[in-house]
1. For GLY48, work out the one condition from (1) more than 20 Å from SER85 (Cα to Cα); (2) of a type in the set (Gly, Ala, Ser); (3) open to solvent by 80 Å² or more (accessible area, probe 1.4 Å) it doesn't fulfil.
2. Cβ-Cβ under 8 Å, sequence separation 6+ or interchain: first residue in region 11-27 and under 11 Å from LEU56 (Cβ atoms), partner in a helix (DSSP H, G or I). Which pairs?
3. Residue under question is TYR66, and the condition is that it be within 15 Å of ASN10 (Cβ to Cβ), open to solvent by 40 Å² or more (accessible area, probe 1.4 Å), under 16 Å from the mean Cα position of the chain (by Cα) and touching a residue at least 12 places away in the same chain (Cβ under 8 Å); does it hold?
4. Mind listing whichever residues of region 87-109 are loosely packed, with under 13 Cβ neighbours inside 10 Å, small (Gly, Ala, Ser) and more than 19 Å from ARG16 (Cβ to Cβ)?
5. So if I check each of MET59, MET82, which one is surrounded by 14 or more Cβ atoms within 10 Å (Cβ to Cβ), closer than 23 Å to ASN8 by Cα, hydrophobic (A, V, I, L, M, F, W, C) and more than 15 Å from the chain's Cα centre (by Cα)?
Amino acid sequence: MFRFNHFNFNVLALDRSLKFYDQALGLKPVREKNAADGSFRLVFLGDGGTDFQLELTWMADRKEPYDLGEQEFHLAFQTDDMAASHEKHAAMGCICFENPAMGIYFIQDPDGYWIEIIPKK
């Protein structure tokens, strides 16, 4: 039996990403792993309601932004209040695509990853 556990995003500036995910989605660190030699840090973020985690990986020697290819992947978050969420993300300036016909929109994190926001069914 398999269950979802986590998904990884590599990030260029860990503190910037931690701030974004807390502000935009309320995600908080639930555990972390630091390399003994300081070469990397893994910070796992949780939503406080599910067991699923987003792993942010920071590599000390990385200086260039990550190539995200054609961005044909994304995470999705469900919200209880679509209007309030949209207003918050619009104020943050992180909405990168909207599909009013489907009732969804996407936000973009500081590294260019897209995150879909969907209403609670």
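1. Failed condition: (1).
2. Between residues of region 11-27 that are under 11 Å from LEU56 (Cβ atoms) and residues that are in a helix (DSSP H, G or I), the close pairs are VAL11/SER17; LEU27/TYR21.
3. Criteria met by TYR66.
4. Across region 87-109, the qualifying residues are ALA101, GLY103.
5. MET59
The values are calculated or read from the model by the stated rules, or taken from the named source; none is laboratory data. Owing to the predicted nature of the structure, the values given are computational and were not obtained by experimental measurement. As a convention, Cβ positions derive from the backbone with ideal geometry for all residues, glycine included, and neighbour counts pool all protein chains shown. In case anyone asks, the SASA skips ligands and DNA or RNA and just uses the protein heavy atoms, side chains included. Shrake-Rupley method; radii C 1.70, N 1.55, O 1.52, S 1.80 Å.
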